[in-house]
Amino acid sequence: MNVPAFKQCKQAGKKLVVVTAYDALFTRIVEQAGIEAILVGDTLGIVVQGKSNTLSVTMDEMLYHTRIVAQAAEKSLVIGDMPFLSYQVSVEETVRSAGRFLQAGAAAIKIEGGSQVIDRIEALTRFGMPVMAHIGMTPQSVNQYGGFKVQGKKEEQAEALLADAKALEAAGAFSIVLEAVPANVAKTITEQLSIPTIGIGAGPQCDGQILVLYDLLGLFDDFVPKFVKHYAHLKADAVQALQRFKEEVECAKFPSDSESYH
C-alpha cells in the first residue's frame, strides 16, 4: 500500500481499513491480518503511557515508535501522527517535524485541524510530504471541547466541517479522518470529496474505518467510546493467564520436567 493506491481505493469502491500500532510485534500481527495501513497514533499517550489525553506526547516519543513500526512493516502504509506543538507554532516548524517523521520511516503524516492548518498542509504537500487530515473531534483540542464530545451535531457546525473538508482536499490532503461526527454529516462529506474519508465514530458511509488497536482487541477498557467494538477480549485472557502462572509457581507445578533442562 502506498499513498496513490490508498487514494485510488475510493474510486474502486474498496473500503479502507486502518489501525493504530506502536511496536514491532503488533505491526507484524496487523500485517498478517491483511491490514494495509497503520497509523502510529499519539493515542499511545493514553493506551501505552496511561495518560488521560494525548497532549503530553512528545516528538521524540512519536519518532521512537514510528521508527519501530516502520522497520517492522513490510507492506503497510505507515502514517505518523503529528503530536501537540509539532505544527501549531509555525509553518517552518511543521515542515521540519513532518520531515523527521519521513526520516523515521513513515510514508505520510497525519495532522489535526481544519481551516487553521491549511497553510501547513499546502507547505507539506508542496515539498512532497503526503498528509492525512483529521477533523471532527480532534483529541488535541479536548480542553477546548470540554472533553471527548461529538462534533457537528448542529447545522452550522456540520456546514463548517464540510467547508473544512473541502478546503483540506484543495490544500492537498490525500485523505481525511472524520472522528466522532454524526453519520449523516460524514456521509455528506464523503459524497462531496474525491479523496477518501476514514471514519472513527462517523458511521458506515465513510470510505474506510480506523480503530485504536488496543480498543478493538479488548486490551484497553479504561475509557470505551460509543464507536468502539471489542473484537477480542485479550485483557481478560491476559489476566487469566497471569493468574494461572502465579498459581502454578506457588504450588510448584511450574516449571515441570518438560520446561527444565537436562
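Overview of values
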read-out: Kirkwood hydrodynamic radius (C-alpha pairs) into Stokes-Einstein, the stretch 144-246, 25 °C and 0.890 mPa s, D in µm²/s; value: 160
read-out: Packing-based exposure ordering (other Cβ within 10 Å, fewest first) of V249, V47; value: V249, V47
read-out: Exposure proxy ranking, count of Cβ atoms within 10 Å, fewest first, for K246, K226, K7; value: K226, K246, K7
read-out: Per-q log10 I(q)/I(0), the stretch 13-88, q = 0.17, 0.18, 0.21, 0.28 Å⁻¹ (Debye; single scatterer per alpha-carbon; no solvent); value: -0.62, -0.68, -0.87, -1.26
read-out: nm² value of the averaged projected area, convex hull over the Cα atoms of the chain; value: 16.1
read-out: Out-of-range pairs (alpha-carbon distance over 27 Å; input K229/K253; K15/K75; K51/K166; K51/K229; K153/K226); value: K229/K253; K51/K166
read-out: Cα gyration tensor, the stretch 149-202 - rounded (a/c under 1.5), prolate or oblate; value: prolate
read-out: Cα gyration tensor shape of the stretch 1-150, rounded if a/c is under 1.5, else prolate or oblate by comparing a/b with b/c; value: rounded
read-out: Counting DSSP beta bridges with both ends in the chain, the antiparallel % (nearest 5); value: 5
read-out: Mean residue ellipticity (222 nm) of the chain, computed from DSSP H runs ≥ 4 via -39,500 (n - 2.57), nearest 500; value: -12500 deg cm²/dmol
read-out: Neighbour-count order for L102, L124, fewest beta carbons within 10 angstrom listed first; value: L102, L124
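Only the coordinates and a few stated rules stand behind these numbers; no lab work does. Since this is a predicted model, take the numbers as computed values, not measurements. Note that each Cβ is placed from the backbone with ideal geometry, even for glycine, and that neighbours are counted across all protein chains shown.
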